[in-house]
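See structure below.
The values are calculated or read from the model by the stated rules, or taken from the named source; none is laboratory data. Quantities reported herein were computed from a predicted structural model and do not represent experimental measurements. Glycine gets a Cβ as well: all are built from the backbone with ideal geometry, and neighbour counts include every protein chain shown. Areas reflect the complete protein model, heavy atoms only, side chains present, ligands, DNA and RNA absent. Shrake-Rupley method; radii C 1.70, N 1.55, O 1.52, S 1.80 Å.
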Amino acid sequence: MSNHISLTRYLVEQQRVDGSIPAQLRLLIEVVARACKSISHAVNKGALGGVLGPAHSENVQGEIQKKLDIIANEVLIEANEWGGHLAAMASEEMEDIYIVPNRYPQGEYLLLFDPLDGSSNIDVNVSIGTIFSVLRKPEGHDVAEGDFLQAGSQQVAAGYCVYGPQTTLVLTVGHGVAVFTLDREQGSFVLTQEHLQVPEETQEFAINMSNMRHWDVPTRRYIDECLQGRDGPRGKNFNMRWVASMVADVHRILTRGGVFMYPWDQREPNKPGKLRLMYEANPMSWLIEQAGGAATNGHQRILDIVPTQLHQRVSVVLGSKSEVEQVRRYYAEAANMP
Ligand code: P6P
């Protein structure tokens, strides 16, 4: 008998140990995992499945949707609407929330997701992924968009599935970070790592360097010092990575450390950043914190931000705690400068 621990067994044993995963939440996580298996299957087909290329439509962000963006969104909606564990869903690909239809029972949870993050990489066969976040629905009234506007610290589960050389599900329910690798022969996610810890120190940063001329002073100062290497104030050389898929960059950081930055920049000064708070920054920030890292928008802990809009954007600096702290200090010093 293999000693492999399936996702189901892990969730059941977590519930038995500390009651952290009530039955409805366990069902939710397992349904999301099954949906990610279906998305992985569609992604892996690529051109053979006729799923590459644009869908000739735009999402609420004004971005051209890829066929797989829409497929992934539909898979997650269809997989989750009938189970009785959800009251409603929110997606990067849908302007409004999706309330579970009356033909199905409503549950106590809210599910938010970016169904296929990094979709600009789909057609060039670079890792992409699904990011999800789970909140509790406030009691006492019919579900509405306002119920989703909770700080990231209120999440009860968060994770992502990265569709790369392996299909890997990374999950937290507030007791550390666990990693499950898809065993395609068995068709199940198998526990391959738990209690992930992000190294406090790092020599690797992830940022889109082509935006350098648009950055604010603290970001420019931090990256300049990294680029000066061992002869500069940091006294060590740094390496740079940028996949342009947040799931791939965050997975690398969870696995070997680093700092990920998508800061505010002057290209669109009225936007606080590019990434979305509710279904990108919040779940990733909780995972990073659960693995001993840190996540800030430069001024405050991302998980403390109280959202005002479902699709609001945020500046993101996350990863190895000492590096994130360094960037935050630079923002504080810049704020005190005359
Ligand atoms: P850029 C993907 O579109 C995404 O939302 C994140 O996954 C990724 O980190 C970022 O945008 C990449 O942005 O401007 O480098 O293409």
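In the stretch 7-193, the DSSP beta bridges split such that about 85 percent are antiparallel, to the nearest 5. Among the cysteines of the chain, 226 have no other cysteine beta carbon within less than 4.7 Å of their own. Note on the chain: with a GNM built from Cα contacts shorter than 10 Å, the maximum mean-square fluctuation among 167, 219, 255 falls on 255. Counting only residues at least eight positions apart within a chain, or on another chain, the aspartates and glutamates with an alpha carbon under 18 Å from that of residue 45 are 69, 74, 117, 123, 183, 185. Between amide H atoms placed 1.01 Å from N, distances below 5 Å from residue 91 occur with 113, all of them 5 or more places distant or on a separate chain. Taking amide H atoms as placed 1.01 Å from N in the peptide plane, the amide H of residue 316 lies under 5 Å from those of 262, 264, each 5 or more residues away in sequence or on another chain. The GluC sites (Glu not before Pro) of the stretch 29-65 meeting both criteria, a DSSP state outside H, G, I, E and B (loop) and at most 16 other C-beta atoms within 10 angstrom of the site's C-beta, are 63.
Using the rule -39500 (n - 2.57) for each DSSP H run of four or more residues, divided by the residues of the chain, the 222 nm mean residue ellipticity is -9000 deg cm²/dmol.
Separation of the stretch 245-303 from the stretch 1-65 is 21 Å, based on Cα centroids. Carbon-plus-sulfur accessible fraction, the chain (probe radius 1.4 Å, protein heavy atoms only): 48%. The calculated pair-distance distribution of the chain uses every alpha carbon pair, bins of 10 angstrom beginning at 0, and gives 6, 26, 35, 24, 9, 1, 0 percent. Under a model in which nothing but the beta-carbon of Lys, Arg (+1) and Asp, Glu (-1) is charged, the stretch 204-336 shows a dipole of about 160 debye around its Cα centre. Probing with 1.4 Å while keeping every protein chain in the model, the per residue accessible area of the stretch 125-181 equals 33 Å². Solvent-accessible surface of the stretch 204-336, averaged per residue with a 1.4 angstrom probe and all protein chains in place: 39 square angstrom.
Computed on the stretch 204-336, with alpha-carbon pairs under 8 angstrom and 6+ residues apart, the relative contact order is 27 percent.
What's the angle, to the nearest 10 degrees (0 to 90), between helix 67-80's Cα axis and the longest principal axis of the chain? It is inclined by approximately 50 degrees.
Pairs exceeding 29 Å between alpha-carbon atoms, taken from 67/137; 37/67; 66/271; 137/321: 67/137; 137/321.
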